[in-house]
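The next block holds one structure in the form of structure tokens; read it before the comments.
The values are calculated or read from the model by the stated rules, or taken from the named source; none is laboratory data. All values reported here derive from a predicted model rather than from experimental measurement. We place every Cβ from the backbone using ideal geometry, glycine too, and count neighbours over all the protein chains shown. Surface areas here come from the heavy atoms of the whole protein model, side chains and all, with no ligands, DNA or RNA. Shrake-Rupley method; radii C 1.70, N 1.55, O 1.52, S 1.80 Å.
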Amino acid sequence: MSDASSYGVHRNALQNLRVALTTHASPRYSRLVELFARSRPSLTGTAAATSSAGSLAKVAALVQPHLEKVEARIVQQAAAFDPAIEGYVVYALGSRGKRLRPLLTLLAGGATGEINSGHIDLAVIVELIHIATLMHDDVMDEAERRRAQPTANARWGNSLSVLLGDCLFAHALTLSTNFENTGIGRAIARTAATVCSGEMIQTQRKFDLNLGVQDYLRIVEMKTGSLFSVAAELAAVISEADPGAIERFKNFGFQIGTAYQIYDDCVDLAGNEGATGKTLGTDLRKGKFTLPVLIFLRSATEFERERCCQLVLEERVEEMIELLKNGATNGALNESIVAGTDLIREAQGGLEGIGSNPYAEALFFLGDALCEMFDQLRV
């Protein structure tokens, strides 16, 4: 099981991405993944959005009955809280996101055995932890909308929202103690600590022009990659898979989660608020330098760096986005998209050697759906 101190080991799985971002070397995939990637048509705009949504829905269809059980269980958790705060919890749990973490949990469980109640429990716990982090993110970012509705902090203020996030964290950790295998609960608790540590480091490094790509990746791996990783890893543990398979799923989740955070950071710059249902541009406004910004700064002239700083400090987000789109080659935004896609292909390559069944194949196509989501951001 992983904790924050062991992330140096797990980051070795991302070495190809690091090399690509620092030396512009092309990552090396397995032949199967490379051929599959090249065989897929490149889509943009409305076609890409429709295709990615459809692809993700097809992947989820395989475990839809289980996802519905997870959804029902998530909603039911509100009853575990004091009646005085139950309404707030209902509001926090009531807006459905993509449920990628539960989806990954269930697919990994099916790929390594038969999906059972333990997998449902795990899926509920990882999603509760995720929702708790969103409560805190929205406070720090002063975001007004999330999942097409007002954020908790927009409705009730920061103090209540922070405490609401704390309650959800605590409840998720309480649920994790119900597993007979006590190692599962310990792993979830360590991961929750890692997620919070990553968020703290990101907050500590706001407006830091010395932040590098390596620093960014470490933050992303901790705050997002770790939760995806433990979801896939523990799903395999619950299935009593062999250690080699558990490690493969752990690494797959780690890479997919890290790539998804890169995607989310790109969406914050190039997405559409109407389509995403959340406040965008918050990263730049709050001085969070994500991958597109760091790639831009890496090769920027002194004048461009000063210009960038001025735009960020003055919260002129639209002008900053134009800088990121219109680099000397493909632009920092497109380079970030390529980096995220490369990482997904690496993750897919890591699935080779896993026994073939519909759930394992769906995990592969989950990666492909995420690549299509990246494609619709290209400029």
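Output the pairs from K250/K325; K58/K325; K98/K288; K288/K325 with a Cα-Cα distance over 28 Å in this structure; if there are none, say none.
On the way: K250/K325 34 Å; K58/K325 32 Å; K98/K288 24 Å; K288/K325 18 Å.
Exceeds cut-off: K250/K325; K58/K325.
Quick one: what do you get for the stretch 124-192 if you divide its Cα Rg by 2.2 N^0.38 Å? Write out the running numbers ahead of the final one.
Details: Rg = 13.5 Å, N = 69, 2.2 N^0.38 = 11.0 Å.
In units of the 2.2 N^0.38 Å rule of thumb, it is 1.23.
So if we plug the beta-carbon distance of R96 and A193 into 1/(1 + (r/R0)^6) with R0 = 25 Å, what FRET efficiency do we get, rounded to 0.05?
0.40
With a 10 Å radius around each residue's Cβ, average the other Cβ atoms per peptide and rank 341-350, 192-201, 54-63, 175-184, highest first. The partial results should precede the final answer.
Values: 341-350: 24.2, 192-201: 19.1, 54-63: 17.0, 175-184: 15.0.
Final packing ranking: 341-350, 192-201, 54-63, 175-184.
Within a Cβ distance under 14 Å of Y88, other residues only, what is the Lys/Arg minus Asp/Glu net charge?
-3
Just name one of A232, F254, A193: the one whose Cα is farthest towards the positive end of the charge dipole of the stretch 184-269 (beta-carbon charges, Lys/Arg +1, Asp/Glu -1).
A193
What full-extension length gain, to one decimal in nm, is calculated for E240 and E322 as 0.36 nm per residue of separation minus the Cα-Cα distance?
24.5 nm
With every protein chain kept in place and ligands, DNA and RNA left out, what is the accessible area per residue of the stretch 62-122? Probe 1.4 Å, answer in Å².
42
Pick out, from G183, W156, L211, the residue whose Cα sits farthest towards the positive end of the charge dipole of the stretch 136-270, with +1 on the Cβ of Lys and Arg and -1 on the Cβ of Asp and Glu.
Value computed over the given set: W156.
Treat the stretch 242-313 as a sphere of radius equal to its Kirkwood radius over Cα pairs and apply Stokes-Einstein at 4 °C in a medium of 1.567 mPa s; give the translational diffusion coefficient in µm²/s, rounded to a whole number.
After rounding, the answer is 90 µm²/s.
Under a point-charge model restricted to the Cβ atoms of Lys and Arg (+1) and Asp and Glu (-1), what is the dipole moment magnitude of the stretch 163-260 relative to its Cα centre, in debye to the nearest 20?
The calculation lands at about 240 debye.
Tell me, what % of the accessible area of the stretch 230-379 is carbon and sulfur with a 1.4 angstrom probe?
Ligands and nucleic acids excluded, carbon and sulfur reach 48 percent.
At 7 Å along the Cα-to-beta-carbon direction for both N116 and T177, put a label point, then send me their distance in nm to one decimal.
2.3
Nearest 20 debye, what's the magnitude of the dipole of the stretch 74-193 about its Cα centre given +1 on Lys and Arg Cβ and -1 on Asp and Glu Cβ?
300
Please list the non-local residues whose amide H lies under 5 Å from the amide H of L377, H modeled 1.01 Å from N, same-chain partners needing a gap of 5 or more.
none
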